[in-house]
1. Is it true that residue 129 is surrounded by fewer than 19 Cβ atoms within 10 Å (Cβ to Cβ), over 12 Å from the mean Cα position of the chain (by Cα) and of a type in the set (Phe, Trp, Tyr)?
2. Go through region 106-143 and count every residue that is closer than 16 Å to residue 22 by Cα, in a helix (DSSP H, G or I) and hydrophobic (A, V, I, L, M, F, W, C).
3. Give just the number: which of (1) farther than 17 Å from residue 103 by Cβ; (2) out of contact with any Gly (no Cβ under 8 Å at 6 or more places or on another chain) does residue 8 not satisfy?
4. Looking only at region 115-126, count how many residues are exposed (fewer than 12 other Cβ atoms within 10 Å of the Cβ) and not small (Gly, Ala, Ser).
5. Select from region 1-33 the residues that are at pLDDT 95 or above and in a loop (DSSP other than H, G, I, E, B) and write down the one among them that is surrounded by the fewest Cβ atoms within 10 Å (Cβ to Cβ).
6. Please go through region 27-70 and pick out each residue that is small (Gly, Ala, Ser) and either closer than 12 Å to residue 7 by Cβ or touching a Cys at 6+ places or on another chain (Cβ under 8 Å) (or both).
Amino acid sequence: MARWAIANDHAGLPLKSVALEAIRALGHEVIDLGTNSTDSVDYPDFAHALAAKVASGEADRGVLICGSGIGVSIAANRHKGVRAALCSEPLSASLSRQHNDANVLCMGARLSGPALAEAMIRAFDATAYEGGRHQRRVDKLDA
């Protein structure tokens, strides 16, 4: 069982409940960092909170959700040790793990429906980092 963190802005709230259920169904513990309201909030605040949990090791992986997924991925990737991947379908989620050792899955609530979000979470969870020829490149991300 791994510990996952999840965070979202107001636009991501509807998809968060689906993501929470999907992560828990895989047997993982979830740290919910909010927001739990549709009142407008600033996505960087939530992305930075989640990235700090992943960077410190308090969470093994994370899921970030905003309207497009773009803002949260930009914010999270400013943290050393965080490799946040904006994914649009299960193949990109799988490849982000396999080739980039991504530890944060970012999704756009306005672009991904519930079934697609669940499939991306399952792919992200099921795929191991390949290492090998990819490690040199991953090492350069925090250099």
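The values are calculated or read from the model by the stated rules, or taken from the named source; none is laboratory data. A quick note: this is a predicted structure, and the numbers were derived from the prediction, not measured. Ideal geometry is used to build each Cβ from the backbone, glycine not excepted, and the neighbour counts take in all protein chains shown.
1. Values: surrounded by fewer than 19 Cβ atoms within 10 Å (Cβ to Cβ): yes; over 12 Å from the mean Cα position of the chain (by Cα): yes; of a type in the set (Phe, Trp, Tyr): yes.
Yes: the conditions hold for residue 129.
2. Selection size over region 106-143: 9.
3. (2)
4. Result for region 115-126: 0.
5. Per the criteria, the residue is 27.
6. 34, 47, 49, 51, 52, 59, 62, 69
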